Each structure stands twice: as structure tokens, then as C-alpha cells.
Amino acid sequence: MSDHDPLATPTLARLYMGQGYFDRARAVLEACLSRDATDGHALALVARLQARSDAALTVVLHAAQPGTTQGDRASVSWTAVGQAEDCHVIVVAITQTGATAATWVTSTRARTAFGGWECTLPFPRGSVCASVGRIVDGDWQPLAVARPVSWP
């Protein structure tokens, strides 16, 4: 994209970001900032892109095999986790027990940028979600969060 392209605006970059075209958004923002290095909107979007993680995380449920004592299982897989040796995958399952809720939490180290892990779920029904991230300055910094999944 040309430095003087009138279409190179933060609004166009934002549209690209909304559609998942992050490389195109970066190119547009570079053109914007080469034209005006103090463009606050462009600078804010550049900061947002720099904070963005390419990591992805999914949870897939597997029903227990009939005739076995093992319960339902959650299979968690992750991709593009940067500095994976410092990261953990946390799985949280919840279920309703009468008027209250029961919570179960487990975790494992990610160790590699691309990987997977399987755990047996403790409840006959409930919802499960997972997050991959690291501790930074004493706080959890998520890199990716899986969509919650419920099972009967």
C-alpha cells in the first residue's frame, strides 16, 4: 500500500482486523503512520495488534465408552502458543448440584507451541472451558480461551 494512498486509514485497518486480515491491517497502519507519525487512532490500533496473540485453543468432548468406568473426556488442543515453555493450559468444569454449583479445575504445562492434552471430566453433566496463558507480574495473562462446551 502506498504511503500516500487516501484509502490507507485507521478505519480501513480496523475493518481488516475485524475480518481477521491482520497482515493487511498492519500494512495499512504502516502507511498511515508514514504519512502522520502522530495519528493517535493508528497508534492505538498498532498497540492492539502488538498485544494480539496468534494462539488458538479448542475443547472437544468425547463420550464415555459404554461398559467402562471412565467418564466423559475433554480433549484440549492448542496452536501457535509463543514461549510455550512458560505457559499452562487450565481446564475448568462446572455443574449444578442442587441449589449450588460445583467447580473442578485442572492444569498442565503447554511445553510446546502446538500440542494437546486429554482429561477425564468429573461430572456426568456440566460445562467446560479452557485457557492457555502465563503468569506475568503475578497476574494470569491469557493467550487464548476456548469456547465453552456443555455435555448432557
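The values are calculated or read from the model by the stated rules, or taken from the named source; none is laboratory data. Just so it is clear, the structure is predicted and the values come from calculations on it, not from any experiment. Cβ: placed from backbone, ideal geometry, glycine included. Neighbour counts: every protein chain shown.
The residues of the stretch 6-21 that are surrounded by 14 or more Cβ atoms within 10 Å (Cβ to Cβ) and within 22 Å of the chain's Cα centre (by Cα), listed by number, are A13, R14, L15, Y16, M17, Y21.
Listed by first and then second residue, the pairs with beta-carbon distance under 6 Å, at least 6 apart or on different chains, first residue in the stretch 19-42 and closer than 19 Å to A55 by Cα, second among the hydrophobic types (A, V, I, L, M, F, W, C) and crowded, with 16+ Cβ neighbours inside 10 Å, are A25/A13; A25/M17.
Would you mind stating whether Q96 is at pLDDT below 95, over 30 Å from A51 (Cβ atoms), part of a strand (DSSP E or B) and not charged (D, E, K, R)?
Details: at pLDDT below 95: yes; over 30 Å from A51 (Cβ atoms): yes; part of a strand (DSSP E or B): yes; not charged (D, E, K, R): yes.
Spelling it out, Q96 is indeed at pLDDT below 95, over 30 Å from A51 (Cβ atoms), part of a strand (DSSP E or B) and not charged (D, E, K, R).
Scanning the stretch 136-152 for residues that are in a strand (DSSP E or B) and within 12 Å of the chain's Cα centre (by Cα) returns Q141, P142, L143, A144, V145.
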